[in-house]
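Report on the following structure.
What follows draws every value from the coordinates through simple rules; no lab data is involved. All of these numbers come straight from a predicted model, not from anything done at the bench. With ideal geometry, Cβ positions are generated from the backbone for all residues, glycine too; neighbour counts draw on all protein chains shown.
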Amino acid sequence: MRRPVARKLSVLAVSAAVVSVGAAAPPAAESTAVEKVPVAVGYGGAVSSVDADASAAGIEILRKGGNAVDAAVATAAALGVTEPYSAGIGGGGYFVYYDAKSRTVRTIDGRETAPLSADSGLFVENGAAIPFAEAVSSGLSVGTPGTPATWQQALDKWGSKRLGTLLKPAERLARDGFTVDGTFRDQTAANETRFRYFPDTAKLFLPNGRLPVVGSTFKNPDLARTYAELSRKGVGALYRGDLADDIVDTVNHPPVDPSSGWNARPGDLTAKDLATYRTKSQAPTRTSYHGLGVYSMAPSSSGGTTVGEALNILENTDLSKASEVQYLHRYIEASRIAFADRGRWVGDPAFEDVPTKELLSQRYADSRACLIKDDAVLTSPVAPGDPRDPAACDARGTAAPTTYEGDSTTHLTVADKWGNVVSYTLTIEQTGGSGITVPGRGFILNNELTDFSFTPAGPDVHDPNLPGPGKRPRSSMSPTIVLDRHDKPVVALGSPGGATIITTVLQSLTGFLDRGLPLVDAIAAPRASQRNQTTTELEPGLYNSPLRARLEAIGHGFRLNPEIGAATGVQRLPNGKWLAAAEKVRRGGGSAMVVWPAS
Ligand code: GLU
């Protein structure tokens, strides 16, 4: 096993029991460094996230008797500190929960919403779409945050601890600091120019006007205070009152440095938008795959329907017997087709007639699977079919390109000793979100509304993802939990990566379920991502392999993508044992932990 060196060395006090398999137990000490390892096996529950401090926060809660939901909230809050460019209380996400007692999966849609004043022309100026980058770093792209409400909703329904207790490790981390690693510095550097447009952001993330130094301690006392306020007053403080007022003011008057020359367009978010925000509890998507139940997020995310449709298409072949070339060929083509349907049919179901059930029907998948040939490649953009009226080898609709989505975000996966599981993806959209920090509050606001189509995807195309009042932009987040025939968990996983989330989850699932890869290797496997585009993106591990030429011989075209996704997962083993798995290398490697490592 490749073991990346420890990255963010924590100043958190961590118990000696919090170590991963294979790692020697550190001596019990007040301030123990947490080694960042990609796989851990043991008892008492498991946490996998991209960050060692965040995984340790979840483990701390599990050790104190908290359940998976409690630990997931603690981990997410800690990620808001150590991964502030990917996630935080200024953003949104999707929470998928397996309840061991009832053996059922439930979900919370905590997606950001557009202001009530928004219409389909939100990103149109003088008849043309605003340039994407200009929309990103603006108040216009900020949706009402859903993350704090998601935490409270999850705790009210399934948690066992108070929010204040669960925010403690994150508050400590924000106050006392974490150690800067290369990924944090690189992400800051990539955002440096636009962070300087917003003095509050520059002050926080460019201490003394400079990039944070690797190995230095990074503190965020403003965020520590904000977490303390939420602990005292509850998350309502973010939706009504001072904190809400600060958010409204920041979005509507972005605190931009006038000398920067940046046109930070204001948004139109009101106190009413915040006060009326609600998460949505809804049934998960369910796809049966070789006798297993694959559960994920229903719209407003396209994750569950798109991964599910692709799995149904792939079920026409036994991927465990396919050669590596056949496997990749079919995986690429199934993704291509599923993305064609995603573009046509999926948007916020409160505004659009989304045929969720029909998209997930095996009959529809079979009608689309027959488009796939063993010796030829489909030409993108492939047209969508009509899931409400499946016809053999169907592709009747008008083809539309897949629009761009950012590639930040973070995913965490938690299991507890009772057998409950959480698979939770949360985001502020781009790495660094809108780039706008709420002054004195220590967190960046999202730019999630840029996930809407700015203009219809094509002239004769019905685009279900245009902005609307209070509407949720379509997401690709795919937090997934797989159950066996007895409705017991097999595996749970998810990833960041914008639209590539869908392909990363699909490839990791098939790698694990069909190709016999251990979970950590299914996550580490070099990725391919096809999203109904002319060329398929390949990571270097595939781009530089002989497999590429063999796929090109069938007709595939490729382009290089240096890094796709950053997945985490947990796997249930017999007798209460769990395996946590994370990235070995991507984004500096993830952090897998269990409460009691198996010897
Ligand atoms: N905003 C994207 C979505 O909701 C996620 C962005 C990302 O993964 O970086 O699908």
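See the values below:
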read-out	value
Cα-centre dipole for segment 131-270 with unit charges at Cβ (Lys and Arg positive, Asp and Glu negative), debye to 20	540 debye
For the chain, with +1 on Lys and Arg beta carbons and -1 on Asp and Glu, the positive-most of 413, 40, 129 along the dipole	40
Distance from segment 36-104 to segment 323-398 (C-alpha centre basis), Å	34 Å
Long-range amide H partners of residue 457 with built H, under 5 Å	463
Prolate/oblate/rounded label for segment 218-261 (Cα gyration tensor, a/c 1.5)	oblate
√(5λ) per eigenvalue of the Cα gyration tensor, segment 198-357, largest first, Å	43, 23, 18
Karplus-derived 3J(HN,Hα), 6.51/-1.76/1.60, for each residue of segment 124-140, Hz, glycine and proline x	10, 10, 6, x, 10, 5, 5, x, 3, 4, 5, 5, 4, 8, 8, x, 4
Under Karplus coefficients 6.51, -1.76 and 1.60, residue-wise ³J(HN,Hα) of segment 281-296 in Hz, glycine/proline x	8, 8, 5, x, 6, 9, 10, 8, 10, 6, x, 9, x, 9, 10, 8
Rg over Rh, two decimals, segment 435-573 (C-alpha only, Kirkwood Rh)	1.04
Relative packing of 76-86, 46-56, 460-470, 205-215, which averages over residues the other C-beta atoms within 10 Å, highest first	46-56, 76-86, 460-470, 205-215
The chain, relative contact order in percent, only Cα pairs under 8 angstrom and at least six apart counted	25 percent
Neighbour-count order for 229, 537, 60, fewest beta carbons within 10 angstrom listed first	229, 537, 60
5 angstrom amide H check on residue 50, placed H, neighbours 5+ away	411, 591
Long-range amide H partners of residue 536 with built H, under 5 Å	557, 558, 559
Calculated [θ] (222 nm, deg cm²/dmol) that DSSP helices of n ≥ 4 give over the chain, each run adding -39,500 (n - 2.57)	-9500 deg cm²/dmol
Packing-based order for 356-362, 473-479, using average beta carbon neighbours within 10 Å, highest first	473-479, 356-362
Globularity index of the chain, i.e. its alpha-carbon radius of gyration over 2.2 N^0.38 Å	0.90
Within segment 383-505: Cβ-based charge dipole about Cα centre, in debye rounded to nearest 20 (Lys, Arg +1; Asp, Glu -1)	360 debye
Loop-located chymotrypsin sites (Phe, Trp or Tyr not before Pro) in segment 257-312, at most 11 other Cβ atoms within 10 Å (DSSP)	none
The chain - charge dipole about Cα centre, Lys and Arg +1 at Cβ, Asp and Glu -1, debye rounded to 20	1600 debye
Efficiency of FRET from Cβ geometry, residue 487 and residue 598, R₀ 35 Å, rounded to 0.05	0.90
Karplus 3J(HN,Hα) series, Hz, for segment 95-112 with 6.51 cos²θ - 1.76 cosθ + 1.60 (x for Gly, Pro)	10, 10, 10, 9, 9, 5, 5, 8, 6, 10, 10, 10, 9, 10, 8, x, 5, 5
Hypothetical label at residue 189: residues of segment 534-575 whose amide nitrogen lies under 17 Å (7 Å Cα-Cβ projection)	562-563
Pairs beyond 20 Å (Cα-Cα), from 233/280; 36/168; 101/577	233/280; 36/168
Diffusion coefficient, µm² s⁻¹, Stokes-Einstein with Kirkwood Rh over alpha-carbon pairs of segment 22-174 at 10 °C and 1.306 mPa s	90 µm²/s
Dipole axis of segment 490-561 (+1 Lys, Arg; -1 Asp, Glu on Cβ), positive-most option in 542, 553, 500	553
Top positive-direction residue, dipole computed over the chain with Cβ charges, set 57, 440, 145	57
